[in-house]
Amino acid sequence: LVSFIPLPNSKTAIHTERQYRMPKNKGAKRGRSGGEASTSAWTASDHIVRKAKQQRKADEKQELRAQRSAFLTRDSKEKREAGKLRLHMKRVQRQIDTLRSRLETWDDEDERKLAVQKRKEEEARRKELENPTKKKKGRKGPETWKLKGAARPAWEIYDFDTRYVDPYMKAHEDAKKKAQRSRNVFALCKGRFGEEESGDVPQPFCRDFLSLLMQMGNLAQQANQLKTARKSFVECLDLDSTPPITNARCQLMRLYMDANRPDSARRLWEKLGPEDPSVWIRYSAALIEYVSWKLLEEEGSTQETAEGLLARAIQTNLFCACYLAFSDTFIDVMDYGDEIEDANEDSPLEEAIEYCNSEQMGAWQGTEGACQWIRSVILKGLKDAACVADGALKKEDLDWRPKLSELRRRYEESRALEDEENDGDNDSDKEESEDQSEDEMDDELVVDLGMFIGMFETAMEMVEDSDEYKQS
């Protein structure tokens, strides 16, 4: 092939030069117009503008990516927590259903066999952990073989053999025997699930069932499924013994108060009776009766009935009445009240602090004149106790010092007993206790009742120094 080299003066050469001539700089390349290259150079302002455009595009891409991620994300943090709660509720519900089926057809003989089998499995597992042995490899012996088909012996197949046992008839006979032995624990032991182990109350299965019901109620209440929570608490309350070992009645009362169902709360405290010592029951009854008498002016609710319920509540727990009546002072003095959980009637001060640091304090303060009404009743009782609920409240019922002194004495005795037990421990136990992790130490922390006793005493001394209290 012969290459064609055009002459310099030809039109072809001019066209080729214009088409393939490279610009000397970027400005010349970008500044072309009409086929002619510009020789102007970029300035600093041009670079700043270009960087600003690039940064703007990057920000737009980042914003678009964030919007797309938020749109395509399946679950947010709240949804994930709700999913965990839902899975927990399903797990607890499965445990309830399994244990319920066992208690409805309780068979002591089968349960005894299960207990023996479980004990053997635990013993074998313990021995295996203590003396681990290598598993034998290879084919298992004839004792483990299961013959099938034509290899089975004749007495397992043919009914003319004297050793033949009909599996269906045998299962039917076993089912009849089990039906005669089985019993419905819910029907026979209703109201006694919390009792100690006895002949007819299978423990710890009944108490485990109560515990599962309480878990289900609390989880459902946390998930705002009030119907499920109420169902669980009511069933637990019906099955529990007297005195109860669970706080189902307290949780049910709190549920009614949060849902603004005073009629259900009234039926609950009437069912429990005036002997129930729970602060959640007594003070909720006094609040509902006060609203019915003072604010709604309902028929059948009078000042005497309201003061009678309040007097009963004060006799049950005076500390709670003082906290509610002089809440302005106590809120400034009392700290760490949210650390108290699941307090019972054995510790009235802790129970009062837990009650007044819950949502019930908002119910009292949000009701017009409720806290002032408690204060007026206390001050009126200090002047003349016979004027309160026709003498139902006595003056010694309003004396907080002996009650607080008794709590302090019991607390100091328990601390002294714990110190003696700790002194009796050997050095190895002390070293092990020092090596515990922080999480274990947090789990073992006990509420410092002495601190709360001192704070309550300080608050009441401040109240007594006020002119209103001195006049009484």
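The values are calculated or read from the model by the stated rules, or taken from the named source; none is laboratory data. Just so it is clear, the structure is predicted and the values come from calculations on it, not from any experiment. All Cβ positions, glycine included, derive from the backbone under ideal geometry; neighbour counts span all protein chains shown. Keep in mind that these areas ignore ligands, DNA and RNA; they rest on the heavy atoms of the full protein, side chains included. Shrake-Rupley method; radii C 1.70, N 1.55, O 1.52, S 1.80 Å.
From Glu412, Glu461, Glu420, grab the single residue that is more than 30 Å from Thr305 (Cα to Cα), open to solvent by 70 Å² or more (accessible area, probe 1.4 Å), modelled with pLDDT of 90 or more and more than 33 Å from the chain's Cα centre (by Cα).
The unique qualifying residue is Glu461.
Could you tell me whether region 73-80 includes any residue that is surrounded by 10 or more Cβ atoms within 10 Å (Cβ to Cβ), in contact (Cβ under 8 Å) with a residue 24 or more places away in the chain and closer than 30 Å to Ala229 by Cβ?
The first filter runs over region 73-80 and keeps only residues surrounded by 10 or more Cβ atoms within 10 Å (Cβ to Cβ), leaving 75-76, 79-80.
Still in the running and in contact (Cβ under 8 Å) with a residue 24 or more places away in the chain: none.
Among the residues of region 73-80, not one is surrounded by 10 or more Cβ atoms within 10 Å (Cβ to Cβ), in contact (Cβ under 8 Å) with a residue 24 or more places away in the chain and closer than 30 Å to Ala229 by Cβ, which makes the answer no.
Any residue in region 312-337 that is among the charged types (D, E, K, R) sitting within a Cβ distance under 7 Å of a residue that is surrounded by 20 or more Cβ atoms within 10 Å (Cβ to Cβ) and part of a helix (DSSP H, G or I)? List the pairs, counting only those 6 or more apart or interchain.
Listed by first residue and then by second, the contacts come to Arg312/Arg282.
Considering only residues that are without any contact (Cβ under 8 Å) to a residue 24 or more places away in the chain and surrounded by fewer than 18 Cβ atoms within 10 Å (Cβ to Cβ), which ones fall in region 381-397?
Asp384, Ala386, Cys387, Gly391, Lys394, Lys395, Glu396
Run down Gln203, Gln215, Gln221 and say which single residue is polar (S, T, N, Q), without any contact (Cβ under 8 Å) to a residue 40 or more places away in the chain and assigned to a helix (DSSP H, G or I).
Gln221
So is Ala154 at pLDDT below 80, open to solvent by less than 70 Å² (accessible area, probe 1.4 Å) and either under 30 Å from Ala229 (Cβ atoms) or among the aliphatic types (A, V, I, L, M) (or both) or not?
yes
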